[in-house]
Amino acid sequence: MISQPPAAEATSPREIPTVLVVEPDAGFRELLVEVAGSYADAVGVADFRSAFDRLGDAAAGALAAGVPGDFVEVGVGGGGGGVLLRATLAAHEVTDRLVWLADPFRATASGDGAQPPEEPPARMRLLTSDLNLVRDGFARFGLLDDQVRFLHGPPVRTLRDAPLGRLALLRLGEGLGANAAAVLEHLAGRLSPGAQVIVSGTADPATDEAIVAARERLGMTAPIERIDWNSIAWEHTGAPEQATDTADAAVSATEPRQHPPLAPPAPPSSVGLSVVVVFYNMRREAARTLQSLARSYQRGVEDLDYEVLVIDNGSDPDQRLSPELVASFGREFRLLEPEGEAHASPTEVLNAGIAAARGDAIALMIDGAHVLTPGVLHFGMKALETYAPAVVATQQWYVGPGQQGDAQQAGYDQRAEDRLFRGIDWPVDGYRLFEIGHFIGDRDWFDGIVESNCLFVPRKLLEQIGGFDESFSMPGGGYANLDLFERLALSPDVTAASIVGEGTFHQFHGGTTTNVADEAARRQRVVSYRQHFEELRGRPLIGVDRPVHFVGAMGTKAARRTRSRRVLKLGFGTMREPTQVDAPPVPPPDEVKVAAIEAVWDHQAWRESSWLGHPVNRYPADLHVYQELISELRPALVVLAADDHGLAGRALFAASVCDQLGVGHVVAVGGGDATGRPEHPRITHLAGSAEDPAVAAQVAALAPEAPGALVILGVGHVGRVVGAFEHYAPLVPVDGYVVVENTVVNGRPVESGFGPGPHEAVVAILGRHPDFVADRARERYTVTFNGGGYLRRAQP
């Protein structure tokens, strides 16, 4: 019998009862009723039980009659049909058949085979969900194993590439529309005599007409059984024949694959680990990366049988890697030559690398610019073993003093980077990379992970879920790496793991995102990646929202770098050539910058700063930047909004600068009674809250007709800042600025108990307004209380 908790009201597969125990003498009918009932309640479809009864009868009948082949469901919906088919195999103790599930697995409806483009009648609506949600449903019934295979993508494409054999049962789910014909024609040749065919969704005229026409073309004359108002079935009577290629007519063989292909099983001559690494126009970087993968550099790999598959994805002739160069790093290394024309995205060649790999585990490096520390391979394999089944992400660092996209604005380049490597005598001690590196993103060891450039995956997981989705076809792959990590790490029963004390270090190489000099272009590219992901998946990126487990040890002082333990004595001094006094400035390490901000803020002497005897209550370096902005922009209006006692002094400071330039008017917004404030012909004082529409209207009345304002917001709480921004941003021209003050509070890095404030407001603003970008060049004097808050309008 089936044991499970009492059913509760359920609205999605995540709320279905979680325990399924199939005992050897379990009655098959009871199993069908229990499983079908749970899903029928969850989905909320009144006619679901009758369709499930027929599907269960068909599956059981095919097994009883000995019809050879697997079960296939195309158009999975909420996943209930697939669960029932796998439960049928379990009840009959069948271990040599598979259940294949083909679906785009979008979280929202679409017209690509998940649901018809037109909104279906209410009775026809079923759940749609992404891959991991459906897998979670299987796991909650204890039915997710190697006998279940998922084909993620448009079914007419994924079925073409799937290693399908004979079929004993084919179910076409709802929402396929006219695509139902292409699917049926493609799979008809695989149907065994006596195979059951069930089609749901025939209440949709497009589906019904497509099936009728396909049956005529295929010469299928078996009588049709009407199951209910929306489903039909028949028993296949044809003789075995080769699979038809009719469906392929709609999908060109040269068209890029738009789904994650499943990894093939490991060959008989398997090894423990295959490392697949891709390079494009980075011969300089490749030499270090491959050296860091060699046995002479990696530690603890004496007993590890591994290979390194190197792929050059169409580099220019002077950058191309040769087989001789690759082989020079050791017998484990070999160069794979991609077939056909190279694509801007690395996803296709990465999948080719997975297909060629001999490893029982595979480490995927989508960006070959990453140099490894010496224990990555050892601890990656250790984590796979310790937390099996697991996905292991190696932490990502930049080579250089901070975020490479920002550091290059201050002169960081390949020559500076080469001096850093020479300064630590690399590769003698690979752990000295921590002395010349910085975490990618504003994070540390324990802040969670969204992607990795050395991702360890068991081959069995790639056989189930597939590799890279080649729909991410933009240069660099867009969100392909993030998508893969999310699909793998959110799989039921899979542990997300990481390595402390080890990392991969990104070298400066002119990449498609990180090393783009134009901040606005770089940010817009990232936005386009995010939008493309949401179009493909029908939802935002989730990331890994479960606990991360760790292996490893932070064996060097330079590696012990978290927000609470910073190591300040680092080796960035070698970036500057001491004999070149006119060389561009070199940015200090971010750790030094953050520590300086903490120290200056905590000292509080800045609160005593004044202008012409009036308190300004701001750090003088930021005031200096304000005068630079006024001088460069010559704004017709300077808007200062705040409620602190230094507002009037800052207004006088801005008016003094305007006096020297002979342009501009200053409006100081905030506080109560304006009496006692310094008088100046260029200053207007307005009492009230800056985010108040009435006050904003008064400011707008003072502004010139064409946008020409510089806006400085120091109003504190996230809601107030965002509200004020919405009012005053329209006054700012292209290349003008809105400055959000005091972004360092709320633990970034000071005043951790402040609550959501300016930093959070900046995040919200940039998310809603892609026309604004954070100009880090305005922070070049190292200590600033407005980090990330100098927002430049980059577009109209």
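The values are calculated or read from the model by the stated rules, or taken from the named source; none is laboratory data. Not measured: the values here are computed from a predicted model. Cβ sites come from the backbone with ideal geometry, for glycine too, and all protein chains shown count toward neighbours.
Which condition number does E463 fail, the rest of (1) part of a helix (DSSP H, G or I); (2) in contact with a helix residue (DSSP H, G or I) (Cβ under 9 Å, 6 or more places away or on another chain) being met?
Against the list (1) part of a helix (DSSP H, G or I); (2) in contact with a helix residue (DSSP H, G or I) (Cβ under 9 Å, 6 or more places away or on another chain), E463 comes up short only on (2).
Select from region 198-240 the residues that are in contact with a Leu (Cβ under 8 Å, 6 or more places away or on another chain) and within 20 Å of F52 (Cβ to Cβ) and list them in ascending order.
Of everything in region 198-240, those that are in contact with a Leu (Cβ under 8 Å, 6 or more places away or on another chain) and within 20 Å of F52 (Cβ to Cβ) turn out to be I198, V199, S200, G201, T207.
So, of the residues in region 280-336 that are assigned to a loop (DSSP other than H, G, I, E, B) and of a type in the set (D, E), which turns out to be nearest to P475 (Cα to Cα)?
Result: D316.
Take the residues in region 182-197 that are part of a helix (DSSP H, G or I) and without any contact (Cβ under 8 Å) to a residue 60 or more places away in the chain, then tell me which one is farthest from F52 (Cα to Cα).
Across region 182-197, the extreme among qualifying residues is G189.
Within region 696-707, which residues are surrounded by fewer than 18 Cβ atoms within 10 Å (Cβ to Cβ) and within 19 Å of H685 (Cα to Cα)?
Those that are surrounded by fewer than 18 Cβ atoms within 10 Å (Cβ to Cβ) and within 19 Å of H685 (Cα to Cα): A697, Q698, A700, A701, L702, P704.
Filtering region 521-553 down to residues that are of a type in the set (A, V, I, L, M) and farther than 26 Å from E285 by Cβ, which residue is modelled with the highest pLDDT?
Across region 521-553, the extreme among qualifying residues is V551.
Per-residue answers, yes or no, for (1) surrounded by 15 or more Cβ atoms within 10 Å (Cβ to Cβ); (2) out of contact with any helix residue (DSSP H, G or I) (no Cβ under 9 Å at 6 or more places or on another chain); (3) modelled with pLDDT under 95; (4) within 29 Å of V750 (Cβ to Cβ):
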site	(1), (2), (3), (4)
V666	yes, no, no, yes
I683	yes, no, no, no
L710	yes, no, no, yes
L713	yes, no, no, yes
H717	yes, no, yes, yes
V722	yes, no, no, yes
V734	no, yes, no, no
Y737	yes, no, no, yes
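Each row is one residue, and each column tells you yes or no for (1) out of contact with any Asp or Glu (no Cβ under 7 Å at 6 or more places or on another chain); (2) assigned to a helix (DSSP H, G or I); (3) at pLDDT 90 or above.
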{"site": "Y412", "(1), (2), (3)": "yes, no, no"}
{"site": "W426", "(1), (2), (3)": "yes, no, yes"}
{"site": "E435", "(1), (2), (3)": "yes, yes, yes"}
{"site": "V450", "(1), (2), (3)": "yes, no, no"}
{"site": "V457", "(1), (2), (3)": "yes, no, yes"}
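Being in a helix (DSSP H, G or I) and surrounded by fewer than 23 Cβ atoms within 10 Å (Cβ to Cβ) is the filter here; which residues of region 139-155 pass it?
A139, R140
Considering only residues that are hydrophobic (A, V, I, L, M, F, W, C) and either touching a residue at least 60 places away in the same chain (Cβ under 8 Å) or outside the structural domain of G788 (by TED's automatic domain parsing) (or both), look in region 729-765 and name the one that is farthest from R530 (Cα to Cα).
Among residues in region 729-765 that are hydrophobic (A, V, I, L, M, F, W, C) and either touching a residue at least 60 places away in the same chain (Cβ under 8 Å) or outside the structural domain of G788 (by TED's automatic domain parsing) (or both), the one farthest from R530 (Cα to Cα) is V750.
Return yes when L84 is modelled with pLDDT of 85 or more, aliphatic (A, V, I, L, M) and in the same structural domain as A203 (by TED's automatic domain parsing) and no when it is not.
yes
Tally the residues that are in a loop (DSSP other than H, G, I, E, B) and either over 34 Å from the mean Cα position of the chain (by Cα) or modelled with pLDDT of 85 or more (or both), restricting the search to region 164-175.
Counting residues in region 164-175 that are in a loop (DSSP other than H, G, I, E, B) and either over 34 Å from the mean Cα position of the chain (by Cα) or modelled with pLDDT of 85 or more (or both) gives 4.
Where in region 623-736 are there helices (runs of 4 or more DSSP H), lying fully within it, with 3 or more residues that are under 30 Å from G753 (Cβ atoms)?
Numbers: elements: 647-661, 693-702, 718-728.
In region 623-736, 647-661, 718-728 are the helices (runs of 4 or more DSSP H) which contain 3 or more residues that are under 30 Å from G753 (Cβ atoms).
If you check R792 against the conditions, is it touching a Ser or Thr at 6+ places or on another chain (Cβ under 9 Å), under 25 Å from P401 (Cβ atoms) and surrounded by fewer than 23 Cβ atoms within 10 Å (Cβ to Cβ)?
No.
The rows are residues; the columns are (1) closer than 30 Å to M575 by Cα; (2) in contact (Cβ under 8 Å) with a residue 24 or more places away in the chain; (3) surrounded by fewer than 22 Cβ atoms within 10 Å (Cβ to Cβ).
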residue: P587; (1), (2), (3): yes, yes, no
residue: Q604; (1), (2), (3): no, no, yes
residue: S610; (1), (2), (3): no, yes, yes
residue: G613; (1), (2), (3): no, no, yes
residue: P620; (1), (2), (3): yes, no, yes
residue: V625; (1), (2), (3): yes, yes, yes
residue: L633; (1), (2), (3): no, yes, yes
residue: V638; (1), (2), (3): no, yes, no
residue: G649; (1), (2), (3): no, yes, no
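Name the single residue that is modelled with the highest pLDDT among those in region 237-259 being of a type outside the set (D, E, K, R), in contact with a Ser or Thr (Cβ under 9 Å, 6 or more places away or on another chain) and farther than 19 Å from L167 by Cα.
So the residue we want is H259.
For region 289-306, which positions are surrounded by fewer than 20 Cβ atoms within 10 Å (Cβ to Cβ) and out of contact with any helix residue (DSSP H, G or I) (no Cβ under 7 Å at 6 or more places or on another chain)?
Selection gives Q291, A294, R295, S296, E302, D303, D305.
When the residues of region 141-163 are narrowed to those that are among the charged types (D, E, K, R) and at pLDDT below 85, which ends up nearest to R539 (Cα to Cα)?
This residue is R157.
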